[in-house]
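Data block below; observations after.
The values are calculated or read from the model by the stated rules, or taken from the named source; none is laboratory data. It should be emphasised that the depicted structure is a prediction, and the values quoted were computed from it without experimental measurement. Don't worry about glycine lacking a Cβ; one is built from the backbone with ideal geometry, like all the others, and counts go over all protein chains shown. Surface areas here come from the heavy atoms of the whole protein model, side chains and all, with no ligands, DNA or RNA. Shrake-Rupley method; radii C 1.70, N 1.55, O 1.52, S 1.80 Å.
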Amino acid sequence: MSAYVSPWMDEELAMFREAARKFVASELAPHEERWRKQQRVDREAWRRAGAAGMLLTDIPQQYGGAGGTFAHEVVLVEELVRASAASFGAPVHSIVAHYILNHGTEAQKARWLPAMARGECIAAVAMTEPGAGSDLQGIKTRAVRDGDHYVINGTKTFISNGYNADLVCVVAQTDPTQRVAGFSLIMVETDGLPGYRVGRILEKLGQKGQDTCELFFDDCRVPAANLLGAIEGQGFYQLMQDLPYERTSIAVTAVAAIERALEITTAYAKERTVFGKALLKLQNTRFKLAEAKTVAHVARVFLDSCIQRLIAGELDAVTASMAKWWTTEMQCQVVDECLQLHGGYGYMLEYPICQMYADSRVQKIYGGANEIMKEIIARSL
Ligand SMILES: Cc1cc2nc3c(=O)[nH]c(=O)nc-3n(C[C@H](O)[C@H](O)[C@H](O)COP(=O)(O)OP(=O)(O)OC[C@H]3O[C@@H](n4cnc5c(N)ncnc54)[C@H](O)[C@@H]3O)c2cc1C
C-alpha cells in the first residue's frame, strides 16, 4: 500500500484510533446484524459509547466533550466503516452538538451537550418534510409563540436517529411573512411530550440498522427557551454555517468506504481462482483495482486538505460541496466495480462488499443531493 499518511494524524490520534477500534469491535460490530434486523441501535450502545469517550469527541471538555478536534470524529467514522458498523448514528449526533456549540446560549450548551456526550441524550436533526427536501424554503412546519412556549405543528420525514431521539433540532417557520429569515431552529425534548409521535421506522435499501423515521408534531408545546440561540429567524443562517462540517463528515465516510472496498476486493482477487489463476492476474481486474487505488489516493489527499481547513475554521461551503458530491460519486462507482469483481458472491450479504453497496447509495442523496452540491459550486463560477 502507499506510504501516504494523513498530515493531520499524530500520536495522540493513533492512540485514539486504537481505542476506537477496540470499542467498535467489542461493543458495536457484534450487534450489527441484530440491529439491522430490528432497524435500530440499542440505546445502551449510546451509553457505552459515551462512557468510552466516543461521543462528542470534538466538543470542548467544559461542555462534557472530549476536547479533541474534527480529526477525532474522522478517526471514529473511519473505524466504524472499517468494521462495517454502519448503524451507529454518531455523525448526526455530532452535527447537532455543533449546532448547539456554535449557536446555542450558554444555558443551552450546559443543558444538552454533557448529556449528549454521555450518550444519555440522543440527538437528531429534522429538516426534511414530505413536501420539502432539497427545497428547504418549502418547509411547512410551524412554530407559533404562545406565552413562554412555542406551539409546533408539522411532519418531518427521513429523520436519522428518529426512533431513539431524545432531542430533535427542528427546522420550523416562525414567521411565514419572511422567506429565509422566517425560519428558526427549535430544540424539542421528546420525552413525554404531548402531541409528539414517532412514526414507523422506514424500510430502506441499506443502512438498515439506522432508525430513520417520520416525526409528527401535533400542537407540541415546547419552552421558548429551547429556541436555539434565543433569537428568531436565525435558523437558515445557523444551518448554512455548519454545512461544511456535515458535508465533510459525509465525505469522510465515502473515502473510508472507497479504501475499504479496495482493500477487501484486492484480498478477494488474490484468493479467488478463475481459469486456473488468481482473479488478480487478469488484466481487467488489475486495471480496475489500479483505477480504484488512484481514486482512493486522490480522494484521500483532497479530503485531508478539507479536514485540515475545517479544523482551522477555513473550509468554505463550495469546497465542502465539492468534497461531498465527488467522494460520494466515487464511493458508489468504486464499490459497484468492486462488487462486480466478487461475481455472485458480491451479491451475497455475507460478503461485506454487498452490504457496502446497499449502504453507499444514499450518500449521493442525503446531506444535500449531489445536484444541489453542483448548484452551490456553479454559483461560484
Ligand atoms: C437514509 C436517509 C437519512 C436521512 N436523514 C435525514 C436527517 O437526519 N434529517 C433530515 O432533515 N433529512 C434527512 N434525510 C433527507 C435527505 O436530506 C433528503 O432526502 C434530501 O435532501 C433530498 O430531498 P428529497 O428526498 O425531498 O428529494 P427532492 O428534493 O424531491 O429531490 C429529488 C431529486 O431531484 C433532484 N433535484 C432536486 N433539486 C434539484 C436542483 N435544484 N437541481 C437539480 N436537481 C435537483 C435530485 O436528483 C434529487 O435527488 C435523509 C434521507 C435518507 C434517505
Fill in: Lys/Arg +1, Asp/Glu -1 at C-beta; the chain dipole; positive extreme among HIS103, ALA14, VAL180
ALA14
Response to the item:
Once GLU11 and SER26 are pulled to full extension, the length gained, defined as 0.36 nm per residue separation minus their Cα-Cα distance, is 3.1 nm
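If you roll a 1.4 Å probe over the stretch 32-119 with all protein chains in place, what percent of the accessible area is carbon or sulfur?
Working: 1530 of 3120 Å².
Here it works out to 49 percent.
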Discussion item. With a 10 Å cut-off between alpha carbons and a GNM built on the chain, which of ALA230, ALA97, ALA299 moves the most?
Written reply: ALA230
Worksheet item: On full extension of the chain, what length is gained from HIS297 through LYS270, given 0.36 nm per residue of separation minus the C-alpha to C-alpha distance?
Response: 7.6 nm
Response to the item:
Taking the chain and counting helices only, DSSP H stretches of n ≥ 4 at -39,500 (n - 2.57) each over all residues, the nearest-500 ellipticity at 222 nm comes to -15500 deg cm²/dmol
Fill in: Proximal lysines relative to LYS37, as straight alpha-carbon distance under 22 Å, when same-chain residues fewer than 8 apart are discounted
LYS204, LYS208
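Semi-axes, largest first, in whole Å: what does sqrt of 5 times each Cα gyration tensor eigenvalue give for the stretch 96-234?
In descending order the semi-axes read 21, 19, 14 Å.
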Fill in: Estimated translational D of the stretch 239-336 in µm²/s (Stokes, Kirkwood radius over Cα pairs; 37 °C; 0.692 mPa s)
228
Worksheet item: Considering only protein heavy atoms, what per residue accessible area in square angstrom results for the stretch 97-247 with a 1.4 angstrom probe?
Response: 41
Worksheet item: Percent of accessible area on the stretch 284-378 owned by carbon and sulfur, 1.4 Å probe?
Response: 59
Response to the item:
Most fluctuating of ILE95, ILE250, ILE231 in the GNM of the chain (C-alpha, under 10 Å) is ILE231
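Which length gain, in nm to one decimal place, applies between MET348 and LEU381 when the Cα-Cα distance is subtracted from 0.36 nm times their residue separation?
Gain in length upon complete extension: 7.5 nm.
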Worksheet item: Do any GluC sites (Glu not before Pro) in the stretch 250-351 lie in a loop, going by DSSP, with at most 12 other beta-carbon atoms within 10 Å of their beta carbon, and if so which?
Response: GLU314, GLU350
Worksheet item: Counting only protein heavy atoms and using a 1.4 Å probe, what share of the accessible area of the stretch 195-256 belongs to carbon plus sulfur, as a whole percent?
Response: 52
Response to the item:
Magnitude of the Cβ-charge dipole (Lys and Arg +1, Asp and Glu -1) of the stretch 8-143 about the Cα centre, nearest 20 debye, reported as 580
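Two decimals, Cα atoms only, Kirkwood Rh: what is Rg/Rh over the chain?
Checking Rg against Rh, the ratio lands at 0.98.
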Worksheet item: To the nearest whole percent, what portion of all C-alpha pairs in the stretch 22-150 is separated by more than 25 angstrom?
Response: 35
Worksheet item: Taking springs between alpha-carbon atoms closer than 10 angstrom, which of GLY313, GLY154, GLY119 fluctuates most in the Gaussian network model of the chain?
Response: GLY313
Discussion item. Of GLN38, VAL74, ALA85, which is farthest towards the positive pole of the stretch 1-106's charge dipole, taken about the Cα centre with +1 and -1 on the beta-carbons of Lys, Arg and Asp, Glu respectively?
Written reply: GLN38
Fill in: Options ALA254, PHE275, PHE216, ranked by Cα towards positive dipole end of the stretch 186-287, top entry (Cβ charges)
PHE275
Worksheet item: If R0 is 41 Å, what FRET efficiency do you get for GLU106 and ILE365 from their C-beta distance, rounded to 0.05?
Response: 0.65
Practice prompt. Rounding to the nearest 20 debye, state how big the charge dipole of the chain is about its Cα centre with +1 on each Lys and Arg Cβ and -1 on each Asp and Glu Cβ.
Written response: 1000
Worksheet entry | Coordinate range along principal axes, alpha carbons of the stretch 174-324, Å, largest first | 70, 39, 24
Discussion item. Counting C-alpha atoms alone, how compact is the stretch 46-94: give Rg to one decimal and Dmax as a whole number, in angstrom.
Written reply: 10.4, 32
